[in-house]
Amino acid sequence: MQLTIKYFGMLVEATSISEEQLQIDSCSVSELVEKLIHQHPKLNKKDFKVAIDQQLVDRSHVINTNAEIALLPPFAGG
Amino acid sequence: MKSNNRYNRQIILPEIGESGQQKLNASKVLVIGAGGLGCPILQYLAAAGIGTIGIIDFDLVDTSNLHRQILYGDSGVGKNKALAAKSRLEDLNPTININAYPEKLTTKNAISLFSQYDIIVDGSDNFSTRYLVNDACVIAGKPLVYGAIFKYEGQVSVFNYENGPTYRCLFPEPPKAGSIPSCAEIGVLGVLPGIIGSMQANEVLKIILNLGDVLKGKLLMYDSLTTQSSTFSIGRVASEISKVLATAKDFETMDYDLFCGIQNIKEISPETAFQILNKVQCIDVREAHEQPKIDTLNPICIPLHTIKEQLHSFDKTQETIVFCQSGIRSKKAVEILIENGFENVSHIKGGAVALNEIIPDLIGHKNL
């Protein structure tokens, strides 16, 4: 399946990209996150939530179709 | 009649009318923080005729605030933000009540304060306060209009509204302490908090007027560089909400700094700082222009963003005390110093703002 991965906030700095395409077999969100950390080691220390097609999901959720994945970090500034 | 003219352009909207204006006039809204987000929030809420507005902020207006905190001018520098905002807003709309609380929001004052208002708006700038505000809203049963910024991006949502999710349903745990820099550390272009704060003010008006779709159960992400926004659905997590409700009885004793992982940082009172003055090295990590200056402590001035490069000039074995404007950046500085082998470091609670309050008494005492 084909995934579009979108990064927000400080994750753009950690990965040096705001978006990328990924060809991957069906997997859980945590497996996907592991793979992304492998590709972008600086993601390892970051806190973020994962959304699939604009819906926040937990790490056990299984992705099995083409989807848009967003990695959303918390912001504190005001 | 005068007030009708003031609100004419919103009253003629068929969805609002006289009855909508009366709802606004009868509403009570509390804004946490009168900074980058708080200023536009307060400005629009006051102008729209929200009958009672509360403003809580312990911080003082600094020149470096003026590019984005548009309620203040040069004449406000050095004044408390809640009081300076109140005086500006009273001119903007003298027909409403404005309550200024020139103090820090704590677990001791939050619940009783929140209980006096219908809607709470979060314009704070740190995770400890954001979790405190969320939890107090859950306990007091108040809707929370949330906004936060990072560099060129912003987030907006409405939490704890009509059985919707809370901030903890989105982010149950705070990020590791110090992992996310603040505006003071990485900078911000003035318009971004203007946009995000205006969106928050708009959500407040929508809630009161029962207009459109309130941003409940959704997180809006806005990128000011691409001008793109996206919204994400957030589910309600009942277990997170019950956990907060279970703390209601002991809320006053909760330590949100500890929860946000900043427990290992030794904190001393401004009074103690003066007592040990002659035995320690003192570092002011604010930018050079920030006021008030605390010359009495004879500090070495090193802005936080340059501190790593200047560590070699210090004796790491000597006791060191650090302060900033309010006590947030100084915690970050203590972390950096500890990581770099400093043996005995603490920061001054409340920073220059707190020091400035006790200096006149101390100096008066010495002169006697």
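FYI, it's all coordinate maths here, none of it is from the lab. Fair warning: this is a prediction, and the values are worked out from it, not measured in the lab. Counting neighbours? That spans all protein chains shown, and the Cβs are built from the backbone with ideal geometry, glycine included.
About the Cα centre of the stretch B:119-258, how large is the charge dipole given +1 on each Lys and Arg Cβ and -1 on each Asp and Glu Cβ? Please answer in debye to the nearest 20.
Numbers: 11 positive and 15 negative charges, 69 e Å.
So the dipole magnitude of the stretch B:119-258 works out to roughly 340 debye.
Projected label points at residue B:258 and residue B:340, each 7 Å from Cα along the beta carbon direction, are separated by 3.0 nanometres.
For the pair residue A:62 and residue B:108, label points projected 7 Å from Cα toward Cβ lie 5.4 nm apart. Converting the Cα gyration tensor eigenvalues of chain A into ellipsoid dimensions via √(5λ) gives semi-axes, longest first, of 20, 14, 12 Å. Applying D = kT/(6 pi eta Rh) to the stretch B:266-367, where Rh is the Kirkwood radius over alpha-carbon pairs, T corresponds to 25 °C and eta to 0.890 mPa s, the Stokes-Einstein value obtained is 182 µm²/s.
Using the count of nearby Cβ atoms within 10 Å as a rough guide to exposure, how do B:37, B:311, B:205 rank from fewest to most?
Numbers: B:37 36, B:311 15, B:205 21.
Ranked by crowding around the Cβ, least crowded first: B:311, B:205, B:37.
Each residue of the protein assembly as shown gets 158 Å³ once the volume of the Cα convex hull is shared out per residue. Calculated FRET efficiency, residue A:2 to residue B:245, Cβ-Cβ distance, R0 = 51 Å: about 0.75 to the nearest 0.05. Summarising the label geometry, the points placed 7 Å from Cα in the beta-carbon direction at residue B:277 and residue B:15 lie 5.9 nm from one another. Computed over the alpha-carbon pairs of the stretch B:2-259, the distance histogram in 5 Å steps reads 1, 6, 13, 18, 20, 18, 14, 7, 2, 1, 0 percent, short to long. The ranking of B:83, B:219 from fewest to most other beta carbons within 10 Å of each one's beta carbon is B:83, B:219.
Neighbour counts of C-beta atoms inside 10 Å place A:59, B:329, B:168, B:6 in the sequence A:59, B:6, B:168, B:329, starting with the fewest. Principal-axis analysis of the Cα atoms of chain B puts helix B:351-367 at an angle of about 50° to the longest axis.
For residue A:49, the lysines whose Cα falls under 21 Å of its own Cα, not counting residues fewer than eight places away in the same chain, are A:6, A:35, B:151, B:176, B:216, B:218, B:243.
Going highest first, how would you order B:92-98, A:10-16 by mean Cβ packing within 10 Å? Mind dumping the intermediate values first?
Details: B:92-98: 15.1, A:10-16: 18.0.
For the peptides B:92-98, A:10-16, the packing ranking is A:10-16, B:92-98.
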